[in-house]
Structures are given as structure tokens and as C-alpha cells.
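A short write-up of the structure that comes next.
Each reported figure results from applying straightforward, stated rules to the coordinates on display, with no laboratory input. Source: prediction; values computed, not measured. Here the Cβ positions follow ideal geometry from the backbone for every residue, glycine too, while neighbour counts run over all protein chains shown.
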Amino acid sequence: MGVGGEPALLAVTSERVMLLEEAEQLVSMILQSDIAEHYRQCLYSVKNDPETQRKIHEFVDMKDRYEEVQRFGKYHPDYKEVMGKIRIVKRDLDMDEVVAEFKKAENDLQGLLDEVSVIIGRSVSESVKVPTGNPFFESSCSGGCGSGGSCGCSA
């Protein structure tokens, strides 16, 4: 052993390097996955489909009007018009096939990331809290899911 515990410092440093390398490999695998590729394709479609972009811009403009009306509530002169129109514009955007496919791809990617997070968290300890926002993971937790015990665990 060297002065001041140098071998222990070396072990910690090489262990950290190995962890970082494994983390980089994991990130690379996620980025190269079919799920991530599908997400990128859907995002490209959303950004480059003229009709979808028109609907998004219409929704953003309407959302600005909606927020203005909300400041005054039902006393705003355009309240009924804006409240009705925002629902129509939002439904039109939600029904857009490109947007719907993007939302599905986004949920799939989030699911993959949630699964990886739970696996990593549980590899450290069964009681590590891993908030996923996914009821499947929260209901199957054992000892702390980050939901304050609302899932029935023993948080």
C-alpha cells in the first residue's frame, strides 16, 4: 500500500471509469434501438409534415388566446368563442395521424427508459425509489416508488 491509501483511490477511479464506459454502452444501445429510431422518424414527420405543422401553429395561437381569456374567466367578451374553438383545434391536432403516431412512439420510448431506470435502481437496492410515472412499475414496487405510498407500497 502506498502513502495515504493510494491503491484504494486507484480502485475507486478505475471502478468509476468502468461504470462510465458501461453507462455509455447502455446509452448507445438505447439510441440504436428500434424504439429510438422509430421515435426519431416520427419526430421528423411531425416537424416536416405541412398539414401537421399548420395544425400545431393553429393550436399554439389558439392556446395563447385561451390563456388570455382564462385571466378574466367568463367575463371576457370572447370567452365562449375561445372555449369552443380551443376544444375543436385540440381535437383536430390529437386526431392528426402524424401526431398520434408520434405520441405512441414517445410513450414507447418513455416505457423503455422507465424499464431501464427500474432495472438500474433495483440493481443498487430493492428500496431505491425510481419514479417512472408508469402504474405498472409503481404497483409492482416493494418499499418505495416515489409516489408517497399511494400505490400501496410500504413507502
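With unit charges on the beta carbon (Lys/Arg positive, Asp/Glu negative), name the residue among MET18, LEU31, ALA100 whose Cα is farthest towards the positive pole of the charge dipole of the stretch 12-124.
Positive-end residue among those listed: ALA100.
Over all distinct alpha-carbon pairs, what is the Kirkwood Rh of the stretch 33-142 in angstrom?
Averaging 1/r across every pair of different Cα atoms and inverting gives 16.9 Å.
Working out 0.36 nm times the residue gap between ARG71 and LEU113, then minus their Cα-Cα distance, what length gain in nm do you get to one decimal?
11.4 nm
Among the listed pairs LYS104/LYS129; LYS47/LYS85; LYS85/LYS129; LYS55/LYS129; LYS74/LYS104, which have their C-alpha atoms separated by more than 31 angstrom in this model?
With Cα atoms farther than 31 Å apart: LYS85/LYS129; LYS55/LYS129; LYS74/LYS104.
By the scheme Lys and Arg +1, Asp and Glu -1, what is the net charge of all other residues having a beta-carbon under 13 Å from that of GLU106?
Net charge around GLU106: 0.
Listing ARG40, ARG91 from the residue with the fewest other Cβ atoms within 10 Å to the one with the most, what is the order?
Listed from fewest to most nearby Cβ atoms, that is ARG91, ARG40.
If you average the C-alpha positions of the stretch 51-102 and of the stretch 12-32 separately, how far apart do those two centres end up, in angstrom?
Their Cα centres are 44 Å away from one another.
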